[in-house]
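Comments concern the structure below.
The values are calculated or read from the model by the stated rules, or taken from the named source; none is laboratory data. None of these values were measured; they are calculated from a predicted model. Here the Cβ positions follow ideal geometry from the backbone for every residue, glycine too, while neighbour counts run over all protein chains shown. Protein only, heavy atoms only, side chains kept; ligands, DNA and RNA dropped before computing areas. Shrake-Rupley method; radii C 1.70, N 1.55, O 1.52, S 1.80 Å.
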Amino acid sequence: MSWNDAFDQEKLDGVWRAFTRQYERQPRIHTIYKNHRPVLTAENKLLIKLRNQTQQHELGKERSTIISFLRRSLKNARIELSFEISQEEDSGPKKAFTVADKYKVMSEKNPALALFRKEFNLDLE
C-alpha cells in the first residue's frame with residue numbers, strides 16, 4: 001500500500017464531506033467544518049481559510065485529528081494543513097447581531113422600512 005497517493009480537489013472534497021458528517025451532533029464545530037473546506041494549494045498542501053481567530057483556535061485544537069483522517073482516507077502521509085484568516089470582505093454574508101445592525105441590513109433590502117419607521121416614529125428596541 002502506497003502512502004503517497006495522488007489526489008485532486010474533487011477527491012479531497014468527497015473525503016471532507018465524510019469527515020464533516022462525523023460532527024453533525026456538534027453544531028458549532030460542524031458548521032465551521034462545513035463552511036470552510038480545505039483547498040489544495042500545491043501537491044499535498046491544503047489551506048483552510050477562516051473568518052476569525054476563534055475559528056482558527058477551534059480548528060487548531062482539532063488539527064491532528066483532521067490531518068490524521070485526511071492522510072488515512074486519501075492514503076497520503078505527506079499531507080500538510082495550514083489555516084489562514086481571510087481578509088476578504090466577500091467571504092460570506094455578514095451576521096447582524098445588534099438591533100441596529102439588523103435594522104440596517106433589513107432597511108437596505110427594503111427601503112420602505114425606513115419610511116415606515118420614520119412615519120410611525122418607531123424605536124429600535
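Please go through segment 22-35 and pick out each residue that is open to solvent by 20 Å² or more (accessible area, probe 1.4 Å) and of a type in the set (Ser, Thr, Tyr).
Tyr23, Thr31
Quick one: would you say Asp101 is part of a helix (DSSP H, G or I) and without any contact (Cβ under 8 Å) to a residue 24 or more places away in the chain?
Yes.
Could you run through segment 49-80 and say how many residues are open to solvent by less than 90 Å² (accessible area, probe 1.4 Å) and part of a loop (DSSP other than H, G, I, E, B)?
Qualifying residue count for the region: 5.
Rundown of residues vs (1) in contact with a helix residue (DSSP H, G or I) (Cβ under 7 Å, 6 or more places away or on another chain); (2) modelled with pLDDT under 95; (3) closer than 24 Å to Ala77 by Cα, yes/no style:
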residue	(1), (2), (3)
Met1	no, yes, yes
Glu10	no, no, yes
Asp13	no, no, yes
Phe19	yes, no, yes
Glu24	yes, yes, no
His30	yes, yes, no
Thr54	no, yes, no
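Contact list please: Cβ distance under 9 Å, first residue in segment 1-21 and surrounded by 14 or more Cβ atoms within 10 Å (Cβ to Cβ), second residue aromatic (Phe, Trp, Tyr), pairs at least six apart or on different chains.
What qualifies is Val15/Phe7; Val15/Phe69; Trp16/Tyr33; Phe19/Tyr33; Phe19/Phe69; Thr20/Tyr33.
Among (1) modelled with pLDDT of 95 or more; (2) part of a helix (DSSP H, G or I); (3) not β-branched (Val, Ile, Thr), there is one condition Leu46 misses while meeting the rest; what is its number?
(2)
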